[in-house]
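One structure below.
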Amino acid sequence: MGLNRLIVVAGPTGAGKSELGLELAEQLDGEVVNADSMQLYRGMDIGTAKLAAAERRGVPHHLIDVLDISARASVAAYQTRARAQIEDVLSRGRTPVLVGGSGLYVSAVVDEIQFPGTDPVIRGQLEAELAVEGPVALFQRLRQLDPVAAAVIEPANGRRLVRALEVIAVTGRPFTATLPVRSRPRYEAVLVNLDLATELLDRRLEQRVSRMVAAGFLDEVRALDAAGLREGVTASRALGYPQMLAVLDGVADLPTAAAKTVQLTRRFVRRQRSWFGRDARMQRLDAESGGLADRVVRTARAGTAAS
RNA sequence: GGCAGGUUGCCCGAGUGGCCAAAGGGAGCUGACUGUAAAUCAGCCGCGCAAGCUACGGGAGUUCGAAUCUCUCACCUGCCA
């Protein structure tokens, strides 16, 4: 039977989250809910290391293949869907297992975050302004309107400045530029940060990209290109995809593109670590050690009994 | 064999006597993070806690002082043979 609580498997790319998630789902009568911003996209399979249907061992997977590559992803929309999905799984008496390495997405599910609305017109204006005048102009304005937010947003971070100003314009209130305090997670979640020694992980990333290429990554991107990948604001930025497009355009060769992808992934992993690493609620598990699923199940059950 | 050019920190690359441990970029490391988050951005980046030490192909000089000038050796490049 289900556990009546959420299990979260987070951690850097390539550590083995999908597999662990699968094992946990099997042991806890669970269903996997995706927390990977790129696996949301239909057609991005090889490059996102999405588990093929046949590899899911009959475990239901949710929030995979739910967006067209032309759609832009949004944490707010994800939050709504993911929570609804989790509640649905819980309501059926099963255990939701949230699996993914997108830090903000995981946080959106587990923490008390409310994302203020957006306005395409205002956003457009701000982005235009950013492009023309640069971030400093926006920063000056933010400092006037919301000194608190300005104090924590880097003056050069155009993306965040635009959003902060947008929120102020839309809501008429200051922008909360800091993450909420990490308190008790929603759904009494048990959080796992699956990681492993840098040298090992780096090596795995190399193998992982080699496998992707061997599995036809380039062909996948060729097909997506025809379907409008370049126009997808979010999708076109997924690791490896721009690199494969460069090959299709004849401006890079495959080995170079693959190497670049490995390098970018490695860098991304560092960022993921800096995100998950400081979350004290997360149980850090070494992917190299054995009995991972059992250990998680044990803590999950113990926690339930205690609470 | 002759003439010309080059050799700079992990890589590329600026620098022509002091303001140079040496611009800039890349790579690497650390970190931030509320609607594109596989995004966006920041700091560090020869060694040393420091005094200081070691560094601009090797060696020898000139000079108060050299990555920068001279000589020489090595290797690379272009043109002439």
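Just one of the listed residues (A:Gly58, A:Gly21, A:Gly30) is of a type outside the set (D, E, K, R), more than 10 Å from RNA strand B (Cβ to nearest atom) and surrounded by fewer than 21 Cβ atoms within 10 Å (Cβ to Cβ), namely A:Gly58. Pairs under 8 Å by beta carbon, first residue more than 10 Å from A:Thr178 (Cβ to Cβ) in region A:147-163, partner near RNA strand B (Cβ under 6 Å from one of its atoms) and not in a helix (DSSP H, G or I), six or more apart or different chains? Pairs that qualify, where the first residue is more than 10 Å from A:Thr178 (Cβ to Cβ) and the partner is near RNA strand B (Cβ under 6 Å from one of its atoms) and not in a helix (DSSP H, G or I), are A:Arg160/A:Glu154; A:Arg160/A:Ala177. For region A:174-193, a residue qualifies if it is within 12 Å of A:Pro12 (Cα to Cα) and within 15 Å of RNA strand B (Cβ to nearest atom), and exactly one does: A:Asn193. Among residues of region A:90-116 being outside any helix (DSSP H, G or I) and among the hydroxyl-bearing types (Ser, Thr, Tyr), the one that is surrounded by the most Cβ atoms within 10 Å (Cβ to Cβ) is A:Thr95. Of the residues A:Ala164, A:Ala151, A:Ala235, A:Ala197, which is in contact with a strand residue (DSSP E or B) (Cβ under 7 Å, 6 or more places away or on another chain) and within 12 Å of RNA strand B (Cβ to nearest atom)? Answer to the selection: A:Ala235.
Figure legend. Inter-residue proximity from region A:172-195: first residues in contact (Cβ under 8 Å) with a residue 40 or more places away in the chain and at negative phi, second residues surrounded by 22 or more Cβ atoms within 10 Å (Cβ to Cβ) and in a loop (DSSP other than H, G, I, E, B), beta-carbon distance below 7 Å, spacing 6+ or different chains. Indicated pairs: A:Ala189/A:Leu6; A:Asn193/A:Gly11; A:Leu194/A:Gly11; A:Leu194/A:Ala15; A:Asp195/A:Gly11; A:Asp195/A:Pro12; A:Asp195/A:Ala15. Among the residues making up region A:132-147, those that are more than 11 Å from RNA strand B (Cβ to nearest atom) and among the hydrophobic types (A, V, I, L, M, F, W, C) are A:Val132, A:Ala137, A:Leu138, A:Leu142, A:Leu145.
Over 30 Å from A:Arg5 (Cα atoms), more than 16 Å from RNA strand B (Cβ to nearest atom) and at pLDDT below 95: does that describe A:Asp225? Criteria not met by A:Asp225.
The values are calculated or read from the model by the stated rules, or taken from the named source; none is laboratory data. Not measured: the values here are computed from a predicted model. Don't worry about glycine lacking a Cβ; one is built from the backbone with ideal geometry, like all the others, and counts go over all protein chains shown.
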